[in-house]
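The values are calculated or read from the model by the stated rules, or taken from the named source; none is laboratory data. Note that the coordinates shown come from a computational prediction; the quantities given were computed from them, not determined experimentally. Positions of Cβ are backbone-derived with ideal geometry, glycine not excepted, and every protein chain shown enters the neighbour counts.
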Amino acid sequence: MSEQKDKLQRISAKDKLYLKNFLKEVEAIRGRHTELISVYIPAGYELTSKIQQLQQEQGTATNIKSKQTRDAVIASLERMIQHLKTFKNTPENGLITFSGNAAEREGQQDYQVWSVQPPIPLNQNLYRCDKEFVTEPLRELIDDKIIFGLVVMDKREGNIALLKGKTIIPLKNLQSAVPGKHKSGGQSAQRFERLREGAAIEFYKRIAQYMLEEFLENQTAIQGIIVGGPGHTKYDFAEGNYINDQLKRKIIAIKDLSYTGDFGLQELLEKSEDVLAEEEVIQEKQVMQEFFRMLAKESEKVAYGHEDVLKALKLGAVDKVLVSEIIQQKDIEEIENEAEQVGSTVEIISVETREGAQLKDMGGVAAILRYQIEM
């Protein structure tokens with residue numbers, strides 16, 4: 001993966017703040033009927049195809065019985081089509097657009113278009129007309145979720161992807177050169193089996209090399225790796241001597257699947273929800289335990305309370321900020337903005353663990369400092 005693509009996988013606090021403000025604006029819009037248009041165009045998708053789809057939807061909308069709804073849908077689609085025509089091509093990471101009547105009073109018209117280019121590649125392809133805009137996929141992009149590596153494989157195919165929240169970001173699709181189970185004429189069964197085994201080993205090595213590049217060299221923030229696939233092949237691969245030791249230690253689960261490819265990635269996500277939930281809790285507990293350990297032994301290198309943490313941020317002294325999910329959104333945004341200026345990490349902590357509940361009782365904000373400061 002290129003350095004540029006690697007950067008796109010890590011959403012900066014500044015991007016998160018912009019997207020959160022964008023979401024506030026579009027989520028405040030409510031339609032009188034099913035008249036608000038949401039369109040998600042994935043990275044690499046042909047823009048003209050999406051415009052043609054919307055033009056077809058305009059034709060279909062003429063069949064809507066309610067004149068008020070019909071006129072609103074057609075007008076919203078027209079505004080969106082004209083907006084999309086201002087782009088020569090689909091932006092590198094895809095495009096998310098919303099269109100509808102933003103007038104606050106019944107009977108007034110104020111048709112607007114809202115558009116944003118996601119900071120990481122978008123894989124959703126969506127068109128929907130509803131009473132409110134579809135924002136869940138966009139919100140999922142900016143949620144502070146741990147990144148995991150996914151590997152789905154058998155002897156025919158291998159897929160490598162990232163998992164951020166519940167968003168799967170495909171990275172590589174590999175096809176093997178392993179012959180089918182039925183040997184060609186003139187070959188002994190033993191020789192044919194040796195050929196199959198040799199081709200399988202080469203395929204395993206290729207997958208392992210791409211895992212090294214995508215999960216270790218380019219993605220330092222990966223918390224764990226989940227491997228899945230049909231049959232026993234995944235165990236031969238995961239437990240053999242193909243994967244770098246550092247990566248092997250990151251494997252947190254191996255799952256039996258019915259599929260490979262995109263269906264296999266989705267199935268792996270569904271079958272790993274218990275593991276992923278546990279891993280996120282562990283990550284939270286670890287960072288909170290680090291804070292409490294330092295509070296007991298090096299209290300001069302921690303801070304807690306909104307004012308003290310902000311002061312430490314403004315001095316550039318903060319390594320990690322721990323923010324409870326229960327504090328007000330405007331306070332979270334203020335902290336994230338300050339943290340972005342000085343390169344501090346922001347961790348959003350739930351209240352579901354004992355440590356998270358303790359943070360809530362301490363005012364909801366704490367920090368691990370880079371060095372001691374006068375408070």
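Being assigned by TED's automatic domain parsing to the domain that holds LYS172, out of contact with any Asp or Glu (no Cβ under 7 Å at 6 or more places or on another chain) and of a type outside the set (Phe, Trp, Tyr) narrows it down to one residue among LEU265, LEU257; which is it? Reasoning before the result, please.
Values: LEU257 fails: out of contact with any Asp or Glu (no Cβ under 7 Å at 6 or more places or on another chain).
None of the others qualify; the one that does is LEU265.
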_Here are the criteria: (1) among the aliphatic types (A, V, I, L, M); (2) surrounded by 13 or more Cβ atoms within 10 Å (Cβ to Cβ); (3) at pLDDT below 90; (4) closer than 30 Å to PRO230 by Cα. Tell me which single one ALA189 does not satisfy._
(2)
*Looking only at segment 52-66, decide whether some residue is at pLDDT below 95, assigned to a loop (DSSP other than H, G, I, E, B) and either in the same structural domain as GLU333 (by TED's automatic domain parsing) or under 20 Å from PRO137 (Cα atoms) (or both).*
no
*Among the numbered criteria (1) surrounded by fewer than 18 Cβ atoms within 10 Å (Cβ to Cβ); (2) touching a residue at least 60 places away in the same chain (Cβ under 8 Å); (3) out of contact with any helix residue (DSSP H, G or I) (no Cβ under 7 Å at 6 or more places or on another chain); (4) more than 10 Å from VAL152 (Cβ to Cβ), which single criterion is violated by ASP262?*
(4)
_Could you go through segment 222-234 and let me know if any residue there is of a type in the set (D, E, K, R) and surrounded by fewer than 16 Cβ atoms within 10 Å (Cβ to Cβ)._
no
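Looking only at residues in segment 251-262 that are small (Gly, Ala, Ser) and outside any helix (DSSP H, G or I), which one is nearest to VAL151 (Cα to Cα)?
ALA253
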*Given the conditions (1) surrounded by 17 or more Cβ atoms within 10 Å (Cβ to Cβ); (2) more than 15 Å from HIS83 (Cα to Cα), report the number of the one that SER38 does not fulfil.*
(2)
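Would you please name the residue that is modelled with the lowest pLDDT, looking only at residues in segment 157-186 that are charged (D, E, K, R) and over 23 Å from the mean Cα position of the chain (by Cα)?
Residues of segment 157-186 charged (D, E, K, R): 157, 164, 166, 172, 181, 183.
Keeping just the survivors that are over 23 Å from the mean Cα position of the chain (by Cα) gives 157, 181, 183.
Working: GLU157: 92, LYS181: 63, LYS183: 51.
The extreme case among them is LYS183.
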*Consider ALA28 against the criteria (1) touching a helix residue (DSSP H, G or I) at 6+ places or on another chain (Cβ under 9 Å); (2) modelled with pLDDT of 90 or more: it satisfies all of them except one. Which criterion is unmet?*
(1)
_Of residues in segment 311-331 being out of contact with any strand residue (DSSP E or B) (no Cβ under 6 Å at 6 or more places or on another chain) and aliphatic (A, V, I, L, M), the one nearest to GLU290 (Cα to Cα)_ = LEU313
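Residue-by-condition table, conditions (1) closer than 18 Å to GLN175 by Cα; (2) aromatic (Phe, Trp, Tyr); (3) touching a residue at least 60 places away in the same chain (Cβ under 8 Å):
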site: GLU193; (1), (2), (3): no, no, no
site: ILE201; (1), (2), (3): yes, no, no
site: LEU216; (1), (2), (3): no, no, no
site: GLN223; (1), (2), (3): no, no, yes
site: GLY228; (1), (2), (3): yes, no, yes
site: LYS234; (1), (2), (3): yes, no, yes
*Only one of (1) under 20 Å from the mean Cα position of the chain (by Cα); (2) farther than 24 Å from GLY224 by Cβ is not met by ALA303, so which one is it?*
(1)
*Inspect all residues belonging to segment 76-88 and state whether any of them is within 20 Å of the chain's Cα centre (by Cα), over 26 Å from ARG32 (Cα atoms) and not assigned by TED's automatic domain parsing to the domain that holds ASP262.*
no
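Taking the condition surrounded by 15 or more Cβ atoms within 10 Å (Cβ to Cβ) and farther than 21 Å from ASP15 by Cβ, does LEU122 pass?
Numbers: surrounded by 15 or more Cβ atoms within 10 Å (Cβ to Cβ): yes; farther than 21 Å from ASP15 by Cβ: no.
Considered against the rule, which asks whether it is surrounded by 15 or more Cβ atoms within 10 Å (Cβ to Cβ) and farther than 21 Å from ASP15 by Cβ, LEU122 comes out as no.
Conditions tested, residue by residue: (1) hydrophobic (A, V, I, L, M, F, W, C); (2) surrounded by 13 or more Cβ atoms within 10 Å (Cβ to Cβ); (3) in the same structural domain as LYS16 (by TED's automatic domain parsing); (4) under 25 Å from ILE147 (Cα atoms).
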site	(1), (2), (3), (4)
GLN286	no, no, no, yes
ALA303	yes, yes, no, no
GLU338	no, yes, no, yes
GLU355	no, yes, no, yes
LEU359	yes, yes, no, yes
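Among the strands (runs of 3 or more DSSP E) confined wholly to segment 103-164, which include 3 or more residues that are touching a residue at least 60 places away in the same chain (Cβ under 8 Å)?
Values: elements: 111-116, 126-130, 147-153, 157-164.
The qualifying strands (runs of 3 or more DSSP E) are 126-130, 147-153, 157-164.
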